[in-house]
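Below is one structure, written out as structure tokens; comments come after it.
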């Protein structure tokens, strides 16, 4: 069983180990590589993915869907306010 809604996400990963991402997200697959960046697509459930991607710091940039991009931007902005 998976809590939360299902959604397909796409993100750019430029961290040191793309294999670690693929191991952590079972549905993830690399759909393209651009230089040192991997474009990854995955089917995910719930909001835990937000916390995981945020834990990867600047090594992750969410690309799709648009509402998920906005959720991540808002979370990062709220985090920034903690240090203002």
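The numbers here are math on the coordinates, done by the rules we state, and not lab data. Computed from a predicted structure; not experimentally measured. Here the Cβ positions follow ideal geometry from the backbone for every residue, glycine too, while neighbour counts run over all protein chains shown.
Could you work out how much longer the chain between residue 52 and residue 81 gets when fully extended? Use 0.36 nm per residue separation minus the Cα distance between them, nm to one decimal. Walk me through the numbers before you get to the answer.
On the way: separation 29, 0.36 × 29 = 10.44 nm, distance 2.05 nm.
Taking residue 52 through residue 81 to full extension adds about 8.4 nm, to one decimal.
Per residue of the chain, what 222 nm ellipticity follows from adding -39500 (n - 2.57) for every DSSP H run with n ≥ 4, rounded to the nearest 500? Write down the numbers at each step before the final one.
Values: 3 runs with 30 residues, N = 84.
Calculated from helices alone, the mean residue ellipticity at 222 nm is -10500 deg cm²/dmol.
Just need the Rg to Rh number for region 6-81, please, alpha carbons only, Kirkwood Rh.
Values: Rg = 11.8 Å, Rh = 12.6 Å.
Value, to two decimals: 0.94.
Give me the distance in nm between label points sitting 7 Å out from Cα along the Cα-to-Cβ direction at residue 74 and residue 8, one decimal.
Each label point is offset 7 Å from its Cα along the Cβ direction, giving 2.4 nm.
State the Cα centre-to-centre distance between region 62-77 and region 10-53 in whole Å.
Taking the Cα centre of each part, region 62-77 and region 10-53 sit 15 Å apart.
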